[in-house]
Amino acid sequence: MAVDSSAYVSLDFVKEYVGDAGVDVDVDELLCNLINNVSRSIDSYVGEVFYIAGYTEYFDADNTDRIIPEHYPVNLITSLHSDEDRVFDATTLIDSTSYVIVNKIYVRLLANEYFENGIQNIKLVYQAGPSSVPLDLQQACAEIVAWKFKEGRGGGDLNVQSKTRTDSTTTYFGEAIPKSAKAVLDRYKRLIAC
C-alpha cells in the first residue's frame, strides 16, 4: 500500500520524524496505513479536508445575490444552476461571466442579478481546499503517526503519565493522541452551528 495523494505527510517525513530513516521496508506498509488512517481521522475530527476536492451543494435561494459554500477556499466553479424545477440541465446553467468568487469564500452574482426564491433550487458544483497542507498540521499528523507506530511496535504505553514501583500504581493521560497534536487540530476544528 502507498500513501494516498490526500495524506498530510509523506512516508519519508514520518520515517525521519520517527528517527529511523533506515526503517526496514517491512514496516513501510504499516506506516503508510497509519499515515492514511490518521489523515482521514484528522478530517473527521476537524470537520474539513486540507486538500483540493470536488463538491456539489444545493441551496435554498431567498432573492440574494450570493451563496456561501460549505467548503473553502473556493478555487473553481465547475457549474452553477438556478432551477425552480430542480432538473439542473443546460438551460438552467448560469453563464460563468455572470458571477465571481469573492475572497475564495462565497459566490456573488453580478449586474444586480439575484437568485430567485426557491427550495434547493440552486446547484453549485465546485472545487475547494488549500493548495498545500499547513506546516503545523503536517507536524501534528507526523506526531500522531509516530505516537501510534511507537506504541504498536512495543515502544511502551505512551499514555502512561507515571508509574510507582512499590505499590504498582499506574496513572494514564487518557488521551489517544499527543497533547501538542490535539492543540493544533483544535485550532482548525470547524464549528458546526446547530
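The values are calculated or read from the model by the stated rules, or taken from the named source; none is laboratory data. Every value quoted in this text rests on a predicted model; they were computed, and no experiment measured them. Positions of Cβ are backbone-derived with ideal geometry, glycine not excepted, and every protein chain shown enters the neighbour counts. Heads up: the accessible areas ignore ligands, DNA and RNA and are worked out on the full protein's heavy atoms, side chains in. Shrake-Rupley method; radii C 1.70, N 1.55, O 1.52, S 1.80 Å.
Sorting Phe13, Phe115 by solvent-accessible area of protein heavy atoms yields Phe13, Phe115, largest first, with a 1.4 Å probe.
For Lys182, list the lysines whose Cα falls under 16 Å from its own Cα; do not include residues on the same chain fewer than 8 positions away. Cross-link targets: Lys148. Full extension of the segment from Asp186 to Ser98, taken as 0.36 nm per residue of separation minus the current Cα-Cα distance, would add 27.9 nm. Backbone N atoms of region 74-98 closer than 15 Å to the 7 Å Cα→Cβ label point of Ala111 belong to residues 93-98.
Distance between the 7 Å Cα→Cβ label points at Glu16 and Ile119: 5.5 nm.
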